[in-house]
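The values are calculated or read from the model by the stated rules, or taken from the named source; none is laboratory data. In this text the structure is predicted, and so the values were computed from the model without any measurement. Heads up, the Cβs are rebuilt from the backbone with ideal geometry, glycines too, and the neighbour counts pull from every protein chain shown.
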Amino acid sequence: MKQNFAFFLIAALALSACQTGPSARELSQSRKLMEEQISNEPKGNYFVGRRYYKVDYKMWGYLRKPGEPWLDSRLVVLNEDRTLAPDRKLNAIGSDNGHEYKLFGRFSGQDVYEPASNATYPEFVLQRAELLTKTPGPIFKNRKALDPRERYYPTPY
């Protein structure tokens, strides 16, 4: 009995010493840096896209205009008739979850029905995508938003 208690005590102490992710302070600093970078983005005829992969959903991710906050972004479905999304080009769907891109194209003006969410999303006709970073700053308050298996998609802040 004492051995079991000692084992559980040691395991609990070891687990409590593990850091599960960035601290609130680190997230705040990262967020401030990202907001500064956004305010310095050059204007142009492109969009900034954050890949947001979910196993059950077919939307691509969030798009915003350069210089605008993520709060103003839109969750979109890509039309890949002209070119494939970066992960589809690699035949590795979702492998770029969380990556940030410079996307060229246009909104078609159509909404696309996505059955898993029972909602419609604006269609973006993709012409070209350029990777900006694989490790962008946080745009969600809840970490479960980043889990591809979670049936959850929040609004960025």
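So residue 146 ticks every box in (1) farther than 24 Å from residue 32 by Cβ; (2) in contact with a Gly (Cβ under 8 Å, 6 or more places away or on another chain); (3) surrounded by fewer than 17 Cβ atoms within 10 Å (Cβ to Cβ) but one. Which box is left unticked?
Tallying (1) farther than 24 Å from residue 32 by Cβ; (2) in contact with a Gly (Cβ under 8 Å, 6 or more places away or on another chain); (3) surrounded by fewer than 17 Cβ atoms within 10 Å (Cβ to Cβ), residue 146 fails exactly one: (1).
So the check is Cβ under 9 Å with 6+ separation or different chains; which pairs have a first residue in the range 132-146 that's part of a helix (DSSP H, G or I) and a second one that's of a type in the set (A, V, I, L, M) and crowded, with 18+ Cβ neighbours inside 10 Å?
145/139
Name the residue that is surrounded by the most Cβ atoms within 10 Å (Cβ to Cβ), counting only residues in the range 55-76 that are under 19 Å from residue 139 (Cβ atoms) and of a type in the set (A, V, I, L, M, F, W, C).
So, considering only residues that are under 19 Å from residue 139 (Cβ atoms) and of a type in the set (A, V, I, L, M, F, W, C), the one surrounded by the most Cβ atoms within 10 Å (Cβ to Cβ) is 60.
For the range 23-63, enumerate the residues that are of a type in the set (Lys, Arg), more than 18 Å from residue 102 (Cβ to Cβ) and touching a residue at least 40 places away in the same chain (Cβ under 8 Å).
Across the range 23-63, the qualifying residues are 31, 54, 58.
Just to be sure, is residue 152 among the aromatic types (Phe, Trp, Tyr), within 14 Å of the chain's Cα centre (by Cα) and modelled with pLDDT of 95 or more?
So residue 152 fails the test.
Only one of 88, 128, 82 is surrounded by fewer than 14 Cβ atoms within 10 Å (Cβ to Cβ), out of contact with any helix residue (DSSP H, G or I) (no Cβ under 9 Å at 6 or more places or on another chain) and farther than 26 Å from residue 36 by Cα; which?
Only one candidate qualifies: 82.
Residue 117 versus (1) polar (S, T, N, Q); (2) without any contact (Cβ under 8 Å) to a residue 40 or more places away in the chain; (3) surrounded by 12 or more Cβ atoms within 10 Å (Cβ to Cβ): which is the lone unmet condition?
(2)
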